[in-house]
Amino acid sequence: MYSRFVSTSERLIESTRELLWERGYVGTSPRAILERAGAGQGSMYHHFKGKPDLALAAIRRTAEEMRAAVEEVLNGPGTPYERIEAYLTRERDVLRGCPLGRLTMDPDVIADDALRGPVDETIDGIRELIAHIVEEGKEQGQFGPELDGEAIAATVVATVQGGYVLARASGSPAAFDAGVRGLLCLLAPRPAVQEALCTPCSTS
């Protein structure tokens, strides 16, 4: 699975990232990590203090990559509305779920401040960036002055994370797509845009 030129520690981190996304923290055993990484017994403890230490490295990397990908979209070209739209409709593996959002359902992660930290920081950072964009849109007259940037940002994040859950529960990305379409209809700055956005589309 991995090239022989990839270091053992790197294989362990990447394997842990994949398993956390697939199985969550509780369902990811040291044995499964070693098998996925193609590493020998005891390799984990040679490079890391144990499963929590390795999981933290994996979660931090996933958080950093997600934050960078989201910032690239939200700080990209376009009006505030268009940037929020680009974030909501960006390519996702909807049925696989969010690699960080999934961890919030893991009691061992939630109970551990260190493991939960990168998850909280990433979600908070995304929410703060969206709130800033909404306020920018209000200043430009694209969004109504009555909109609360922080509330809208929380709604955007909740739509994405809730959409993942509904899509996985139904086995179809349709629920995610419907939530995105609905939110974009509510945020659309002009009636003409709103009408166009309310027609069926796919964001999976």
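Considering only residues in segment 41-63 that are part of a loop (DSSP other than H, G, I, E, B) and small (Gly, Ala, Ser), the one that is modelled with the highest pLDDT turns out to be GLY50. Checking PRO99 against (1) under 17 Å from ALA158 (Cα atoms); (2) more than 11 Å from the chain's Cα centre (by Cα); (3) open to solvent by less than 70 Å² (accessible area, probe 1.4 Å): exactly one of these is not met. Which one? It fails just one condition, (2).
Taken together, GLY179, GLY163 contain a single residue that is open to solvent by less than 40 Å² (accessible area, probe 1.4 Å), free of Cβ contacts under 8 Å to residues at least 40 places away in the same chain and under 21 Å from THR122 (Cβ atoms), which is GLY179.
Across segment 182-203, the number of residues qualifying as surrounded by 13 or more Cβ atoms within 10 Å (Cβ to Cβ), under 22 Å from GLU136 (Cα atoms) and either among the basic types (Lys, Arg) or at pLDDT below 55 (or both) comes to 3. Of all residues in segment 9-20, those that are open to solvent by 40 Å² or more (accessible area, probe 1.4 Å) and modelled with pLDDT under 95 total 1. Regarding ILE84, is this residue surrounded by 18 or more Cβ atoms within 10 Å (Cβ to Cβ) and farther than 18 Å from VAL109 by Cβ? Taking the combined requirement at face value, the residue satisfies it. Taken over segment 21-40, the criterion of being surrounded by 13 or more Cβ atoms within 10 Å (Cβ to Cβ) and not in a helix (DSSP H, G or I) is satisfied by GLY24, TYR25, THR28, GLY38, ALA39.
The values are calculated or read from the model by the stated rules, or taken from the named source; none is laboratory data. None of these values were measured; they are calculated from a predicted model. All Cβ positions, even for glycine, are placed from backbone atoms using ideal geometry, and neighbour counts span all protein chains on display. These accessible areas exclude ligands, DNA and RNA; they are computed on the full protein's heavy atoms, side chains included. Shrake-Rupley method; radii C 1.70, N 1.55, O 1.52, S 1.80 Å.
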